[in-house]
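What follows draws every value from the coordinates through simple rules; no lab data is involved. Predicted model, so just to flag it, every value in this text is computed and none were measured. Because the Cβ atoms are built from the backbone with ideal geometry, glycine has one as well, and the counts that use them run over all protein chains shown.
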Amino acid sequence: MRSIDHIYIDGQFVVPSGQETADLFNPATEEKIGVARLADRTDARAAIAAAKRAFPAMARTTKASRISMLRRLRDSVAANEATLFAAMTEEYGSPQEFTRFSVRHAAASFEAMAETLEGFDFNRTMGLAAVTLEPLGVVAAITPWNANISFICSKLAVAIAAGSTFVIKPSEMSAIQTDAVTRALHAADLPPGVLNVVTGYGPVVGAELSSHPDVAKVSFTGSTSTGRAILHAAADTMKRVTLELGGKGPTVLLEDADLTTAIPMALAVGFTNSGQACVAGTRILAPANRLDDVLDALRSSVRAFKVGLATDPGVRIGPMISQRQWDRVQSYIRLGVEEGATLLTGGAGRPEGLERGWFVRPTIFTDVRNDMRIAREEIFGPVLCVIAYRGEEEAVAIANDTPYGLQSYVMSGDPEHARRVAGTLQAGRVVINGAPHDPLAPFGGFKQSGIGREFGRFGLEALLEPRAVLG
């Protein structure tokens, strides 16, 4: 049983003022594995004050100094890969492929930002004006539980590169992972106050960070509903915001797609991170004249997506994070049946042979209309919808007929054809034929999938304020 009884403020592990605790569970067994003592508003204010004190010196650091910090952070996180992997496996239960990517991405995000910084010019001439890009000040980050370690590192990396100081509120459901990564970051020996970690509840710590006048910017990853609340709270003090929110991504199977490769890829992006991913391609758009072949291929290929414990390297889908999330996904599966969709695979309940743990049967619905709730609302579990289209114009219309616009997918046997279709999709990122993640490409959403961009040059500029001097 783990006891996490500290937070991280001003370069030190300290006992929080807050008295509330959160129980921690292994989602694969439903067993309680720990308890975390949570920060409160007093702790959040102390963290903000520490970051504010550290900001003037951090803002004056040279580019070379920040690059050195980023590479020390990279090395420290990489050196702790095994510890971070074990913590994420126990507390989150994601498949090994995703856990390995997430932990390595955490370290790589520091290197990607160091490379971005090397070629970045903070001083520019615009007409007759000398323009400098200035750090904002105290940056607050609020992150969810579905990729905790990489979220902390990627948001810290850009704050360091910009010359800002950082206060983060990770999810209270990820306290073991947070403790492990905070210890790795501490070993990189940043100046006190540059990094502060206050694990607590959103309505308490998150609300304080979103409204406190000494916070210059809030960077949030999570649900669209919470993003709206943060935007409202930030408005009173004109905080800058970056919001990376929900998604209901389409996977467009073009008529020239090779189903032998496209269908396994469509399932991989739909079930990524056990379906607990805002970037998941959860609406599979299939040409009506190939629908039978698509359904046969889906029915056959889904058998390769084994559900089970993360300790099994063959597992492709792990448990939901909590009983509450499991209940939510089950309610959507029942709703799909009530709405008149047809179950191609899966359905309600646990997979056969898994009596414990918050596991969900990988579920695919057919006969889905795009106005059904299962096609419009983010389920955040391994539940996919197949929607037939007649003609490419209708495919694009269905793909864009959503309040979201985070990440879309196009599958085609002709890359140029795929790029033409990609250019019509309303999404912050469009992935063609399973192209790999690029840490330098901007990431963020259209419409209700968010505001602003993260990663690379776009992410860095989002944490800087231009100042023009004329004369």
Within the stretch 367-404, which trypsin sites (Lys or Arg not before Pro) sit in a loop by DSSP and count at most 13 neighbouring Cβ atoms inside 10 Å?
Arg390
Between Arg467 and Arg290, how many nm apart are label points set 7 Å from Cα along the C-beta direction?
5.6
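Are any of the pairs Lys63/Lys217; Lys52/Lys248; Lys63/Lys239; Lys32/Lys306; Lys169/Lys248; Lys155/Lys248 more than 29 Å apart by Cα-Cα distance, and if so, which?
Details: Lys63/Lys217 21 Å; Lys52/Lys248 38 Å; Lys63/Lys239 25 Å; Lys32/Lys306 25 Å; Lys169/Lys248 26 Å; Lys155/Lys248 23 Å.
From Lys63/Lys217; Lys52/Lys248; Lys63/Lys239; Lys32/Lys306; Lys169/Lys248; Lys155/Lys248, over 29 Å: Lys52/Lys248.
Share of antiparallel DSSP beta bridges in the chain, in percent to the nearest 5?
If we restrict to bridges inside the chain, about 40 percent are antiparallel.
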Under the 0.36 nm per residue contour assumption, what length would be gained going from the current alpha-carbon distance of Val15 and Glu377 to full extension?
126.3 nm
With the crude spin-label approximation of a point 7 Å out along Cα→Cβ, what separation in nm comes out for Arg299 versus Arg60?
7.1
If you plug each phi of the stretch 174-188 into the Karplus form 6.51 cos²θ - 1.76 cosθ + 1.60 with θ = phi - 60°, what whole-Hz ³J(HN,Hα) values come out, in order, with x for Gly and Pro?
10, 5, 5, 5, 4, 4, 5, 6, 5, 5, 5, 5, 4, 5, 7
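Is the stretch 394-467 best put as rounded, prolate or oblate by its Cα gyration tensor, with a ≥ b ≥ c the root eigenvalues, rounded for a/c under 1.5, and otherwise prolate when a/b is larger than b/c, oblate when not?
Oblate.
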Of the peptides 116-122, 253-259, how do they stack up when ordered by the mean number of other Cβ atoms within 10 Å, highest first?
253-259, 116-122
Quick check on packing: order 47-58, 410-421 by the mean number of other C-beta atoms within 10 Å, highest mean leading.
47-58, 410-421
Which residues' amide hydrogens lie under 5 Å from the amide hydrogen of Thr282, considering only partners 5 or more residues apart or on another chain, with H built in the peptide plane?
Gly249
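Magnitude of the Cβ-charge dipole of the chain, K/R +1 and D/E -1, about the Cα centre, nearest 20 debye?
960
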Once amide H atoms are placed 1.01 Å from N in the peptide plane, what residues at a sequence separation of 5 or more from Gly93, or on another chain, have their amide H within under 5 Å of its amide H?
none
Leading residue at positive end of dipole, the chain (Cβ point charges), from Thr61, Ala268, Leu117
Thr61
³J(HN,Hα) across the stretch 376-384 via Karplus (A = 6.51, B = -1.76, C = 1.60, θ = phi - 60°), whole Hz, x for Gly/Pro?
10, 9, 6, 8, 6, x, x, 10, 10
What does the charge dipole of the stretch 395-471 about its Cα centre add up to, to the nearest 20 debye, if the Cβ of each Lys and Arg holds +1 and the Cβ of each Asp and Glu holds -1?
120
Classify the stretch 250-432 as rounded, prolate or oblate from the Cα gyration tensor: take a ≥ b ≥ c as the square roots of its eigenvalues, call it rounded if a/c is under 1.5, otherwise prolate when a/b beats b/c and oblate if not.
prolate
Principal-axis tilt of helix 224-235 within the chain, Cα atoms, nearest 10 degrees
30
Reduced to Cα centres, the span from the stretch 95-131 to the stretch 297-326 in Å works out to 33
Nothing charged except the Cβ atoms of Lys and Arg (+1) and of Asp and Glu (-1): what's the magnitude of the dipole of the stretch 250-432 about its Cα centre? Round to the nearest 20 debye.
720
On a C-alpha basis, how far is the centre of the stretch 249-266 from the centre of the stretch 195-215 in Å? Whole number, if you could?
42
For n ≥ 4 DSSP H runs only, could you compute -39500 (n - 2.57) per run for the chain, divide by its residues and tell me the 222 nm figure to the nearest 500?
-12000 deg cm²/dmol
Over the stretch 250-432, what is the percentage of antiparallel beta bridges among all DSSP beta bridges, to the nearest 5?
15
GluC sites (Glu not before Pro) within the stretch 293-398: DSSP coil, no more than 12 neighbouring Cβ in 10 Å
Glu352, Glu355
Considering amide H positions built from the backbone, and no H for Pro or chain starts, which residues 5 or more places from Asp367, or on another chain, come under 5 Å of its amide H?
Thr342
Got a sec to turn the phi values of the stretch 83-91 into Karplus ³J(HN,Hα) couplings, 6.51 cos²θ - 1.76 cosθ + 1.60 with θ = phi - 60°, whole Hz, x for Gly and Pro?
5, 5, 4, 5, 5, 5, 4, 6, 8
How many nm separate the modelled label positions at Ala129 and Arg328, each set 7 Å beyond the Cα in the direction of the Cβ?
4.3
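Sort 443-456, 135-148 by packing, meaning the average of other beta carbons within 10 Å per residue, with the highest value first.
Values: 443-456: 22.1, 135-148: 25.1.
With the highest mean Cβ count within 10 Å placed first, the list reads 135-148, 443-456.
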Given Cβ charges of +1 for Lys and Arg and -1 for Asp and Glu, the option among Val15, Pro250, Thr366 whose Cα lies farthest towards the positive end of the dipole of the chain is Val15
Under 16 Å from the 7 Å Cα→Cβ point of Glu392, by amide nitrogen: which residues of the stretch 249-273?
252-258
